[in-house]
Each structure stands twice: as C-alpha cells, then as structure tokens.
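The values are calculated or read from the model by the stated rules, or taken from the named source; none is laboratory data. The model shown is predicted, which means the values in this text are computed figures rather than measured ones. Neighbour counts are summed over all protein chains in view; Cβ atoms, including those assigned to glycine, are modelled from backbone coordinates with ideal geometry.
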Amino acid sequence: MFQTKTKQKSFRELHTVQERQAIFKDKISHYPDMIPVILEKHPKSKIQHLNKQLYFLPQNIDIYFRMIQFRDTIKSTLQISSKQSLYFHIGNQVLPEDIKLADIYEKKKDSEDGFLYITFSDLEVFGFNSN
C-alpha cells in the first residue's frame with residue numbers, strides 16, 4: 001500500500017486540470033456528503049509514499065475526532081509506530097484539529113478542481129511550501 005524508493009508524482013502532475021475536474025465531478029456525485037481529499041507525502045518527509053492519494057472524509061463530524069482516526073489509519077497503512085508522530089499540513093501550516101473539516105474545506109479547497117490538498121509528514125515544520 002506504500003512506496004519506499006521511487007519518487008511519486010503528485011495528483012496535479014498525474015492529471016490535467018480538466019481530468020481533475022472530471023474526477024471530482026464523478027466522485028462527488030457518488031459521495032455528496034463527503035469531502036474529497038488528496039493526501040500526499042510532503043517532499044521533505046522521510047516517510048514512504050502512499051499508493052492511494054484520493055480519500056473521502058465525512059464533513060459533518062468535528063475534525064479533531066475524524067483527523068485522529070484518519071491519522072491512525074494512515075499510520076497503520078504506512079506501518080509507522082505509535083511512538084512516531086505524523087502531521088497533516090495544508091499549505092505551509094499544520095492542519096488544525098479544533099475546527100470542522102467542512103470549514104477547512106470551504107476555505108482551503110482548490111479553486112480549480114475542488115479537492116482539498118493535504119500533505120503528511122513526520123515533521124511538524126512551519127513555513128515550507130507544500131504546493
């Protein structure tokens with residue numbers, strides 16, 4: 001479920017804007033109450049890549065509970081020990097855990113394709129560019 005050595009292309013590199021818009025439109029029609037998230041490893045992180053980039057998270061549950069559960073699922077998939085930290089970032093900020101995912105989605109979703117792009121890292125680093 002993950003890659004260790006090869007550089008994985010980002011979702012934006014793999015798909016044109018038109019392809020991403022079509023994927024978004026198709027997926028959101030099947031999951032209208034979910035938030036479409038593209039999850040990618042931050043380039044400076046030493047954690048391996050995930051093979052899957054597209055996830056759907058419920059928008060009506062507070063982000064603290066849901067992101068903890070999601071983070072634990074990703075840590076398990078990546079076979080990261082419970083003692084090792086895993087951080088989620090949007091842009092150059094650590095993803096806050098005290099607001100609703102729907103609020104983050106409305107503010108931070110991509111204006112071109114509608115996805116919420118989140119990077120993950122083993123580092124809690126501020127100020128690096130995850131675009």
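Of note:
- Pairs are defined by a Cβ separation below 6 Å, a sequence spacing of at least 6 or placement on different chains, a first member in segment 32-52 that is under 11 Å from Ile118 (Cα atoms), and a second member that is surrounded by 16 or more Cβ atoms within 10 Å (Cβ to Cβ) and among the basic types (Lys, Arg); the pairs so defined are Pro36/Lys27.
- Of all residue pairs spaced 6 or more apart or on separate chains, those with beta-carbon atoms under 8 Å, a first member in segment 88-104 that is surrounded by fewer than 16 Cβ atoms within 10 Å (Cβ to Cβ) and of a type outside the set (Gly, Ala, Ser) and a second member that is outside any helix (DSSP H, G or I) and at pLDDT 80 or above are Val94/Tyr87; Val94/Phe88.
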